[in-house]
Structure formats: structure tokens, C-alpha cells
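Heads up: the structure comes next, in C-alpha cells.
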Amino acid sequence: MASVSSPTSPARKSWSKLHAAVHTANVWGRRRVHSSNKVGRLLRGLGVEAELLASCLQHGASRLSHEGRGDPGTGGDRVVTFEHEGVMCKTEEYAAGLFRDLRAAFKIDESEYHAVLGGPGVGKPTDMSLIGVAEASGKSQSWQLFSGGQRYCLKTCSHDEANLLLELLPSMLDHAKQYCDTIIPRFYGLYRICRQGREVCFFISANVFAAHFPISARFDLKGSTYNRSVSKKEQSKGLSATFKDLDFLRCGGPLRLQDQDDLRALLEAVDADCRWLARHGLLDYSLLVGLGVRPLGSLAPVSRHVVRAVQLEGGGDDSPNIMYIGLVDILTRYTMKKKLENLLMEWSCPDMSCQPPEIYSARLISFASYMLEGPSPLPSNFVLGRCLATGSSGFGHIWVAERSKHRGIRRWSALAVLVALGAVFAAWRRQLAFTLLALLAVLVALLRSRRLQQQQTSPLADKARV
């Protein structure tokens, strides 16, 4: 581990100028995040533990940025120990070289990254915002910080998640270089903070909704239909509420992209990314979708800090005409605990979220192709205001019916396997009548499964087929 000395006076002056440039870009430039898209409570003056940890991280990041700047050989873990508000603290950066290469693959400028992460500067209050565990939309026990300009999201993670991220990093770097349109999470760094015996790990990633234009609706989509509706608590957040799959399906139709090439490129990216995630045995990730309104005739550029922005066909001045999209929450492995959850809950909880990685990725790929379509002269059936309606639309019924057929295929196939095992046992015990009956049951189960598979290949189901 390398230690870091205090930055010299010229370095401080250069750092101050860079901070001023970043602040100007946050307020006026194309990097500015629209005020309605900003989330969380500003930590400055709250006096909570998260404020001390955020200030400690920014202080440590500022000092780490002066170690080996311009030296491409610096690539391992780096650590700095310093005094912060009368307490000795330590900030450690993991796999600095690999994350630097990953940032370069995502076209992130190093000086700008360190300036944003470093905050207002050493000795000044933090400018980060906090979303606590109680305020988060998901079930995770992690809490999140957002950098001053809301470009970056800093999320707490367990040691297992941190180790998984470090394990995935080389493959993730290769994937990002091979697929420039990838929408996997843009991980920029992994840090550990130690302060008064308290240790916290953070990973830093791009904020999917660091958008220049206002976002009118947000969706967290997995393709699952079981227990995937917005809660009343989440709904009370207004524009910052995050809706789910069944809420999206009530909107009446797919999102219509303005350009067919954009649709093809986006679906190819989703396919490549989901297959990469399945190869690594990952699940529980989501497509995070934000629907924004870009003023008609506006020539303002789309923020370069979002993961992906695609133009939609808008139906009017207030209709969504731009979509921000990215994959999130990929650091969950299909462990024995998840396997048992799937085995025990699959029969009682139809189309539950937890599925084997291959099935999970195939479902999300199919849902992406179902929820998006290319340009058309016909009016779009998608109406955002319907997402809170009761009941379901025809658009939603088709997907739910397809998921029911898929579940039926799996259940009949599983039943055939179980009865076949029973037939083998009966044959071993020389119970001829029971053996013939079991073989007949196997045949019925296989025929039923085959019939459901044929129904899935119908023209109506082709778009939603898994």
C-alpha cells in the first residue's frame, strides 16, 4: 500500500480551478442535471453518520487523486491515512488500475472524475445527497449517496458484493470494450472507509437518471409479473416514485422509438448484456427506465453522463419523447439460498422474480423486445397516465398470458421428471401396474408441455415469447 503526502500549493491551486470548472458545468453546462431529477436529502448540516462518512470519502479521494497522477503503472490497491475532524481515518481504493481502464472505456475523463468525487475540497462541508434505507424504492438494506452534481451514485455494499465486483472486473472491462453500446452498470470505483472502528464499502457508478431534461416517470423492470406493482409508500413520492412491471403493462402499449436503428442497437445491447450476466451466474438485476420530456425543437445535447438515452415518438408537448435506460443491481449470484428459494416458492408464487440465471436473462430479453417497438404511422397506445389504473390492459394481458404458458411448460416438464423417477422406482420393485400407470402419466405430462410450447409459437405470442 502506498501512502500519500499532502498536495503542494500549486497542486491545490490547480485543484481549485478544476473544482470551479466542474461546478460551472453542473450549474450551466450540458452536464447539468435537471432540478426535478435530483433525489435525496442534501447532507450538508444534517449531522448524521452518512455525512461524516461522505466527507471522509471526499477528503480521502482528493488526496488519493494526487498519488501517481499521470503514471500508468499505478494499478493496485491504494490507501491513504489522514486526520479528519480530529479523528484518524483511512480511505482505500481497490483495483485502481482496472477501474481507471474501465472509466476510459466509458469515456470518463480522469481529472473530471476525481474533481467530482473530491467534492468542494478539503476542509469544506460535503455536497453529497443521501437516500437512506427507509427512503429507497427496493428491498436492499444499502443506502446511497449522490455526488454534488448528481452525476455519480455511491452505494454501500457488503464484502461479498465487493469481492464479486472485483472478480467480475476483468471480464466487465473486456465486455465494455467489445460492446460500446453496453448498458451494464458503469462502475467507476470501489472504496473502503475506516473511521473510528466503522468500516463501509462503497462502489461508485453512473447515475442512470443524471438527465439534462426532466423525467416524468421511472420504471424498474424485470419482466416478472408476481408482486411487481408500486407500493403506496413509493407512489407517494410523486415524480421521483419508481414504478414496476405491472404498472408499465397497464399503460396500454409498448414504447415507440423514433428510429429503427436505435431500436435494433438497444435490443442487441440488452441481449448481449443479459447473456454476459447469465454466463456469470447473476440475477435480480433490473432495467431502469426513465421517460423524459425534451422541449420540441430543442437543440440542447443529451447529458453524456447517463448510461443510454434514446429518442421516442412523442404524442404531444407533455408526452414523454426521450427514454433513459440502463441495467442496475447486478451483484447477486445464484447461490444455494437462491436455488432453495426458487425450488420452494416456484409452485406457490407464479412468475416470481427469482429464477435460474439463464431463465432470468431470457425473460428480461423477451420483455425488452415486448416493451419497445420501432416507428409507425399509427398512433401509439402507450398512455403514461394509465400506469396507476386498476385492472390490466390488453397489452398487459398478452404478456401475463405468455408468462403463464411458460410457467405451465416448466411445471409439466418437472412433473414428467418426477413421475418418471417414480416409474423407475416401481420397476425396480417389480410393480408392473404402477410402472405402466406412471409411464402413462409421463406421456400425458410431456404432451401437455409440448402443446403449451406450440401455443407459444403463435403469431400473437411471437413478440413476447421466452
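Tabulated results
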read-out: Nearest-0.05 FRET efficiency for Leu378 and Thr335, computed from C-beta distance (R0 60 Å); value: 0.85
read-out: Pairs beyond 28 Å (Cα-Cα), from Lys107/Lys232; Lys107/Lys337; Lys222/Lys337; Lys155/Lys177; Lys237/Lys339; value: Lys107/Lys232; Lys107/Lys337; Lys237/Lys339
read-out: Qualifying aspartates and glutamates (Cα of each under 16 Å from Cα of Lys124; at least 8 residues distant if same chain); value: Glu51, Glu83, Glu85
read-out: Global geometry of segment 215-373, whether rounded, prolate or oblate, following the gyration tensor of its Cα atoms and the 1.5 cut on a/c; value: prolate
read-out: Calculated FRET value between Lys107 and Ser158, using beta carbons and R₀ = 41 Å, to 0.05; value: 0.85
read-out: Computed lengthening from Leu267 to Arg198, 0.36 nm per intervening residue step minus Cα-Cα distance; value: 20.5 nm
read-out: Gained length - Glu49 relative to Arg275, 0.36 nm times residue gap less alpha-carbon distance; value: 77.4 nm
read-out: Leu257 accessible area, 1.4 Å probe, all protein chains in place, Å² to nearest 10; value: 0
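The values are calculated or read from the model by the stated rules, or taken from the named source; none is laboratory data. Nothing here was measured: the structure is a model prediction, and the numbers come from that model. Virtual Cβ from ideal backbone geometry, glycine too; neighbours counted across all protein chains shown. The protein model used for the area step is the full one, side chains on, heavy atoms only, and it has no ligands, DNA or RNA in it. Shrake-Rupley method; radii C 1.70, N 1.55, O 1.52, S 1.80 Å.
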